[in-house]
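Asks: Below you will find the structure I want to go over with you.
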Amino acid sequence: MKNIIAVSALLLLAFGSVQSQSLKQKIKMLEQENEQLKKELEACKNAPFSKLVDHIENQEYSETPAYSRKEFHEMVLPKIKAKSEEKYKKALEIIQKTDYFSVFCDSLITEMMDRSGGFDTLKNQPIGCRDKSIGNKVLLEEGKGKILRAKMSVLVEDLSGRVHDNPYYAERVTLDHTVIDFSAEKYDTWEEYRFKNMPLCALIPIISSFKSKAQESEIAVLQYLNE
């Protein structure tokens, strides 16, 4: 009985310690948010009201908007169209090309997962999570890694070409297939460097990151067209 009481007391102390740490973390986060709000308020203090209203009406977007890609399109496309039909047409072309690339990335992931045996819902991961042969087969032997690189090159060239005269936006076209010298790493191609002998669970986030960077680069181009 004494042992049970002692263990219970230890558990209560440990739980109290965890709660205390959690509370401290929450307080720290609130303090950081408070400081950020103070800075934002200070920045607005001396600004004319008309300027603040104009800022809201023009909806100046951050580099990484806090809404979905679809919501961002719904906000920015009407503004671009109101300014220029030509720019609006370019914006639709960019979205379409980014969509094609995104769909290709998704199709690669789906194909490799299906060929590895599907998805294990209990473990919340692909059945062939550690399988290295799937990526080698699909991306190297069947040449789909080379196709991915080619599609990436075309998209990068297109996106960069739209903003080449503006360094700020050009730097934000982050999708890029270039890597360090292959020979230094004993690889003959970009595909081997990126994908050779990689387990499926490592390949999925790599390919997903290409898709994410393409869409982030698209945001930069759309914001440029909205200026």
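Asks: Using r as the Cβ-Cβ distance of LYS137 and ARG69, and R0 as 30 Å, what FRET efficiency do you calculate, to the nearest 0.05?
Replies: Working: r = 31 Å, r/R0 = 1.05.
Calculated transfer efficiency: 0.45.
Asks: Sorted from fewest to most neighbouring beta carbons within 10 Å, what does the list GLU216, GLU111 look like? Can you show the working numbers first?
Replies: Working: GLU216 17, GLU111 14.
By the 10 Å Cβ count, ascending, the order reads GLU111, GLU216.
Asks: Could you tell me the calculated FRET efficiency between LYS89 and SER212, based on Cβ-Cβ distance and R0 = 22 angstrom, to the nearest 0.05? Let's see the in-between values first.
Replies: Details: r = 26 Å, r/R0 = 1.17.
Efficiency, from the Cβ-Cβ distance: 0.30.
Asks: Further question: Under a 5 Å amide H to amide H cut-off, with H placed in plane at 1.01 Å, what residues pair with PHE119 once short-range neighbours are removed?
Replies: Under 5 Å from the amide H of PHE119: ILE127.
Asks: Based on other C-beta atoms within 10 Å, arrange SER160, SER116, SER107 from fewest to most. Each step should come with its number before you reach the end.
Replies: Working: SER160 16, SER116 21, SER107 11.
Exposure proxy ranking, most exposed first: SER107, SER160, SER116.
Asks: What FRET efficiency comes out for the pair ASN166/VAL103, r = Cβ-Cβ distance, R0 = 41 Å, nearest 0.05?
Replies: On the way: r = 28 Å, r/R0 = 0.69.
Working from the Cβ atoms, E equals 0.90.
Asks: Okay, moving on. Would you list GLU192, GLU85 from fewest to most Cβ contacts within 10 Å?
Replies: On the way: GLU192 17, GLU85 10.
Final ranking by Cβ density, sparse to dense: GLU85, GLU192.
Asks: Identify, among THR174, SER153, PRO78, the residue whose Cα sits farthest towards the positive end of the charge dipole of the range 69-225, taking +1 on the Cβ of Lys and Arg and -1 on the Cβ of Asp and Glu, with the dipole about the Cα centre.
Replies: PRO78
Asks: Could you pull out every residue, at least 5 positions away or on a different chain, whose amide H is within less than 5 Å of the one on LEU175? Hs are placed 1.01 Å off N in the peptide plane, and Pro or chain starts have none.
Replies: The list, which skips near neighbours in sequence, is SER217.
Asks: Taking the Cβ of GLY145 as the centre, find all other residues whose Cβ is under 12 Å away and add up their charges (Lys, Arg: +1; Asp, Glu: -1). Present the calculation step by step, with values, prior to reporting the outcome.
Replies: Numbers: positive: LYS137, LYS144, LYS146, ARG149, LYS151, ARG194, LYS196; negative: GLU141, GLU142, GLU191, GLU192.
The answer is +3.
Quick note: the coordinates plus some simple rules give every number you see, no bench work behind them. The model shown is predicted, which means the values in this text are computed figures rather than measured ones. Virtual Cβ from ideal backbone geometry, glycine too; neighbours counted across all protein chains shown.
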